[in-house]
Amino acid sequence: MFSFPTFATAVAVLTVLHRSADARNVSNVLIYSATAGFRHDSIPTAVQAMSDRAANYGINFVNTEDRTRFNDEYLSQFDALFFLHTTGDVLDRAGEAAFQRYLDNGGNFVAAHAAANGLPESVTFSRTLGAQFTYHPQFQNATYVVERADHPSTVGLPARWRVADEVYNYGSDPRELGAVVVLSVDETTYE
């Protein structure tokens, strides 16, 4: 089993896109927050918070829950796709194929929190995430470990960081597929 913090990816994308925005003025990011399973009440708050801060980072966020937007023409206008709390089968076959082509053409992808539980039958999505979500325990304290202190998303964090969170667990370690993990969880510090 491999555990991963639920918020680290969002921090990383804002940091990386902020650097890209410096060179290009604005990064266009599609926030996709559709759900076909459990729906987190925090979705509207997260979208609003990101949108409120977007200009500070040189980002233009566009939010949709419309799966028909997943086509080549529409996706081509975005520097990154941000799956926010997507759960269940939120894309049809045509949408999954467009998502794969977007990635094949160098598109960027970020999955935050429950998005790891999205598209459970999709080989493309599982491969893109690097691991398959298995479960999460109840919200509790856990100790996060900075794996890459030199990464922009972890600068300023202590080497070990105690946080109350809903830790997501995976059936395999994404490093086995070449993923660079910047923040992990000490599995002995939570149930």
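Only Cα pairs within less than 10 Å get springs; with that Gaussian network setup on the chain, which residue of Leu81, Leu157, Leu129 has the largest fluctuation?
Leu157
Tell me the carbon and sulfur percent of the accessible area for the stretch 110-191, rounded to whole percent, probe radius 1.4 Å.
51
So if I restrict to the alpha-carbon atoms in the chain, what is the Rg, and what is Dmax, the biggest pairwise distance, in Å?
Radius of gyration, then largest Cα-Cα span, for the chain: 16.1, 46 Å.
Quick one: putting +1 on the C-beta of Lys and Arg, -1 on the C-beta of Asp and Glu, what dipole do you get for the chain around its Cα centre, in Debye to the nearest 20?
So the dipole magnitude of the chain works out to roughly 340 debye.
Could you work out the Kirkwood radius for the stretch 35-112, taking every pair of different alpha carbons, averaging 1/r and inverting it, reported in Å?
Values: mean 1/r = 0.0745 Å⁻¹.
The answer is 13.4 Å.
Given only helices, namely DSSP H runs of n ≥ 4 each adding -39500 (n - 2.57), what is the per-residue ellipticity at 222 nm of the chain, to the nearest 500 deg cm²/dmol?
Value at 222 nm, helices only, nearest 500: -8500 deg cm²/dmol.
Please identify the helices of the chain, taking whole runs of DSSP H, that span at least 15 Å along their own axis as judged from the Cα atoms and have a mean Kyte-Doolittle score of 0.0 or higher.
Qualifying helices: 8-24.
Looking only at Val167, Val180, Val110, which one moves most when the chain is put into a Gaussian network model with springs between Cα atoms under 10 Å?
Val180
Show me the chymotrypsin sites (Phe, Trp or Tyr not before Pro) within the stretch 33-111 that DSSP assigns to loop and that have at most 16 other Cβ atoms within 10 Å of their Cβ.
Answer by residue number: Phe38.
Would you calculate the separation in nanometres between label points at Asn60 and Asn141, each defined as 7 Å from the Cα along the Cα-to-beta-carbon direction?
4.6
Can you put His151, His136 in order of accessible area, largest first, using a 1.4 Å probe?
Ranking His151, His136 by accessible area, largest first, yields His136, His151.
Can you check what the net charge comes to around His85, using other residues whose Cβ is under 11 Å from the Cβ of His85 (Lys, Arg +1; Asp, Glu -1)?
Counting the neighbours of His85, the net charge comes to -1.
Give the accessible area for Thr45 in Å² (nearest 10); use a 1.4 Å probe, count only protein heavy atoms, and leave out ligands, DNA and RNA.
The accessible area of Thr45 comes to roughly 100 Å².
How many Å³ per residue does the convex hull of the Cα positions in the stretch 99-191 occupy?
Cα-based convex hull of the stretch 99-191, divided per residue, equals 111 Å³.
Any idea how far apart Asn25 and Glu191 come out in nm if each label point goes 7 Å out from Cα toward Cβ?
Inter-label distance under the simple model: 5.5 nm.
The values are calculated or read from the model by the stated rules, or taken from the named source; none is laboratory data. No experiment lies behind these values; they were computed from the predicted model shown. So basically every Cβ, Gly included, is an ideal-geometry build from the backbone, and we count neighbours across all protein chains shown. Remember, those area values only see protein heavy atoms, side chains included, never the ligands or the DNA or RNA. Shrake-Rupley method; radii C 1.70, N 1.55, O 1.52, S 1.80 Å.
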